[in-house]
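What follows is a short report on a single structure.
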Amino acid sequence: MKKIFVLGLMLLLVIGIYQLAVYDPLHERTMAFEDRDSQAYLDRSVNGDPGEVVFGKSTNLEDGAANTVAAIVVDYRSFDTLGEVTVLFISSLGVAFLSGGFGKTIRLKHKPGFVLRYGARFVFGIILVFGAYMFLHGHITPGGGFPGGAIIAASALVLSLAGEISGEKMKAFKILEGAAGTLYVLTGIVGLYMAGFFMQNVLPSGIVGHLFSAGIMPLIYLLIGLKVGSELTGILDYFLREEVES
Amino acid sequence: MMELLSLSLLFLGIYGLVTKHHILKMIVSLNVMETGLNLFITTLGYQEGQIAPILSSQFPSSALNFVDPLPQSLVLTSIVIGVGTTAVALAYAIKIFKDHGCLDLEKIEGRL
């Protein structure tokens, strides 16, 4: 009985979402190319029309990032991303709260063998460099701070499986996380002070497609990458501890 | 077509969330649901023949036919929040297992 009720409810939900999203009876607009609002982000014409944007040539745009998704995430809607980072911080805080706090060292159930220990040390550097590449090039290629941070957390997971991460190193990750979060907010306040808006892009935007372009975007992605990486490493650390004690 | 397929994933997730009693299965359902919703939002912005919204040496001009970038950036936010909620849910699951010794909600309810 319950299942049939749920099935009927779901069917109504599906029809409703589909009707709203595809036909949009309120505004009589479709998802077609001509109808969409986000064309302004692609043309970089939110504050005024710069003409055609050409890769490797256009300068002094309102946003100089080649990756439009990254431009929306950390430039046009940067305040949103600050909230997103806060949500991740709160969830890491929640995991810490539920798992009973600091002080206990990690003791692995298995004893890491020769291949695991040296293989982990070898792979760790490569994964770390790839993660750093990911968030440093977030404004010109696919990727960015969040995937880069997740890759860095994966490298830390490899190390902790081999029993190489101690409690002292985790303290360093905590400090890094706090410093990166504070610097992110400070970058926003610098924009407020110099240009009058929170998170305003105050540095010159450069040439589209170059590594040093798009103003404060590489800086913000660097901070997000460090913060997300150390945060996810902290969450993994809590889970590993949890597994040992139960 | 893709919209309907991803909606069916969302549907599958909600069905599992309501009917299952095991906590880990509920967390998996939550993730399936979230993936379906993310796919749905992403496919709404896509149309046949459009290219990824990144300027490169192959696709150098903003006048080309790009995919709508806004749903993709919203989904990026949603994925990160999904990671956070999954982490908290798993931490709760560990706590419940420590307190009651099993993860089946009906069994726990019977014991109380």
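FYI, it's all coordinate maths here, none of it is from the lab. Here the structure is a predicted model, which means the values were calculated and not measured. Please note: Cβ atoms are built from the backbone with ideal geometry, for glycine as well, and neighbour counts cover all protein chains shown.
Side notes on the structure shown:
- Listed pairs A:111/A:227; A:3/B:25; A:174/B:95; A:111/B:25; A:171/A:227; A:171/B:95 exceeding 19 Å between Cα atoms: A:111/A:227; A:174/B:95; A:111/B:25; A:171/B:95
- Shape analysis of segment A:129-191 places it in the oblate category; the axes a ≥ b ≥ c from the Cα gyration tensor give an a/c of at least 1.5, with a/b not above b/c.
- Exposure proxy ranking, count of Cβ atoms within 10 Å, fewest first, for B:40, A:97, A:173: A:97, A:173, B:40
- Between the residues A:10, A:46, A:209, the greatest Cα displacement towards the positive end of the dipole of the protein assembly as shown, with unit charges on the Cβ of Lys, Arg, Asp and Glu, is found for A:10.
- Rounded tilt (10° steps) of A:114-136 against the dominant C-alpha axis of chain A: 20
- Between the helical axis of A:167-195 and the longest alpha-carbon principal axis of chain A there is an angle of about 20 degrees.
- Acute angle (nearest 10 degrees) that the helix A:145-161 long axis makes with the longest principal axis of chain A, alpha-carbon atoms: 10
- Cut-off under 5 Å, modelled amide H: who pairs with residue B:61 long-range: A:55
- FRET E, pair residue B:100, residue A:15, Förster distance 35 Å, beta-carbon r, rounded to 0.05: 0.30
- In this Cβ point-charge picture (+1 for Lys and Arg, -1 for Asp and Glu), segment A:61-245 has a dipole of about 760 debye about its Cα centre.
- Simple Cβ-charge dipole of the protein assembly as shown, Lys/Arg +1 and Asp/Glu -1, about Cα centre, in debye nearest 20: 1740
- Overall, the ratio between the Cα radius of gyration of segment B:1-94 and 2.2 N^0.38 Å, rounded to two decimals, is 1.36.
- Classified by the C-alpha gyration tensor, the protein assembly as shown has an oblate form. Its axis ratio a/c, with a ≥ b ≥ c, is 1.5 or above, and a/b does not exceed b/c.
- The ratio of the alpha-carbon radius of gyration of segment A:61-245 to the globular-protein estimate 2.2 N^0.38 Å is 1.13.
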